[in-house]
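The values are calculated or read from the model by the stated rules, or taken from the named source; none is laboratory data. Values in this document were obtained by computation on a predicted structure and should not be read as measured data. Neighbour counts run over all protein chains shown; Cβ positions are idealised from the backbone, glycine included. To get the accessible areas, we keep the full protein, side chains included, count just its heavy atoms, and leave off ligands, DNA and RNA. Shrake-Rupley method; radii C 1.70, N 1.55, O 1.52, S 1.80 Å.
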Amino acid sequence: TYAEPSLLIDLLTFSPDGQRMAFAFLKNRKFYLYDGRKAGEAYDLISDVHFSRDSQHIVHLFQKGMQIGITWDHEVLNVAEGISAVTISPDSRFVAYILRKKDEQFIGVQKKLFGPYERVERPFITRTKPAVIYTAVLKGKYHIFINGSPEVGPFDAILRFSGQGDSYAAIVRKGSEGQAVVHDSKLGKTYTVVDQLFWNSTGEHLAYIA
């Protein structure tokens with residue numbers, strides 16, 4: 001037997017090394033997360049349980065009243081109207097996510113927030129020297145940001161964004177000029193249409209159809 005009996009046990013999640021198992025359980029009408037070592041605080045609801053790649057850290061979302069929050073090893077990082085796109089860095093040192101307050105969106109990295117933006121997409125985190133890369137809309141224009149700083153843009157649209165290893169790429173459209181691929185901050189040749197982005201497993205090589 002791994003745990004005390006409860007009226008409800010849910011969200012069973014193994015750590016990548018298989019040595020820990022986390023789960024949410026109900027007690028006195030509140031939910032708690034047991035991480036394989038200890039239980040956290042009481043919440044109205046718990047969701048999105050993730051272990052880091054090295055199995056040493058655990059992240060989860062929670063609801064308390066009308067607010068949604070995110071934790072790192074049971075420490076609350078931020079609370080807002082909405083949190084999504086939880087992404088733990090490949091080196092297991094931090095978590096990035098999208099945070100929503102009213103009509104504005106932010107990228108959160110641990111407790112730090114980048115923004116506000118009109119809209120952001122799920123962040124990509126590079127592998128060896130972790131950087132948080134994401135697309136965002138500001139004043140109706142699309143940009144690519146790295147660690148909160150604008151890297152390339154503005155564009156009329158970013159049609160596709162992808163990352164692998166330490167590289168990223170995006171299919172962008174600028175006015176009536178056509179479509180092009182931005183690869184690691186470099187804007188390539190303009191085509192009538194660009195379709196799909198293909199990476200090799202390490203992210204060293206990129207292919208696309210144009």
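The table below gives the values:
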quantity: Cβ charges +1 (Lys, Arg) and -1 (Asp, Glu), total dipole of the chain, debye; calculated: 320 debye
quantity: Diffusion coefficient, µm² s⁻¹, Stokes-Einstein with Kirkwood Rh over alpha-carbon pairs of the stretch 71-203 at 10 °C and 1.306 mPa s; calculated: 103 µm²/s
quantity: Estimated distance in nm for a label pair at Ala85 and Thr202, the labels positioned 7 Å out from Cα along Cα-to-Cβ; calculated: 2.9 nm
quantity: Net charge contributed by nearby residues that have their C-beta within less than 12 Å of Arg53 (K/R +1, D/E -1); calculated: -1
quantity: Hz values of 3J(HN,Hα) by residue in the stretch 44-49 - Karplus curve (6.51, -1.76, 1.60), Gly and Pro given as x; calculated: 6, 7, 10, 8, 6, 8
quantity: Separation of the Ala157 and Val193 label points, Cα + 7 Å toward Cβ, nm; calculated: 1.2 nm
quantity: Separation of the Asp103 and Leu12 label points, Cα + 7 Å toward Cβ, nm; calculated: 4.7 nm
quantity: Residues Arg93 and Tyr2, FRET efficiency given R0 of 30 Å [Cβ-Cβ distance, rounded to 0.05]; calculated: 0.55
quantity: Surrounding net charge for Gln105, when Lys and Arg each add one and Asp and Glu each subtract one, Cβ distance under 12 Å; calculated: 0
quantity: Leu8, Leu206, ranked by accessible area, largest first (probe 1.4 Å); calculated: Leu8, Leu206
quantity: Average accessible surface area per residue within the stretch 32-110, 1.4 Å rolling probe, Å²; calculated: 45 Å²
quantity: Ratio Rg/Rh [Cα only; Rh per Kirkwood] for the stretch 30-147; calculated: 0.99
quantity: Percent accessible area from carbon and sulfur atoms, the stretch 102-210, protein chains only, probe 1.4 Å; calculated: 48 percent
quantity: Neighbourhood charge, 15 Å Cβ-Cβ cut-off, centred on Asn200 and excluding it, Lys, Arg +1 and Asp, Glu -1; calculated: -2
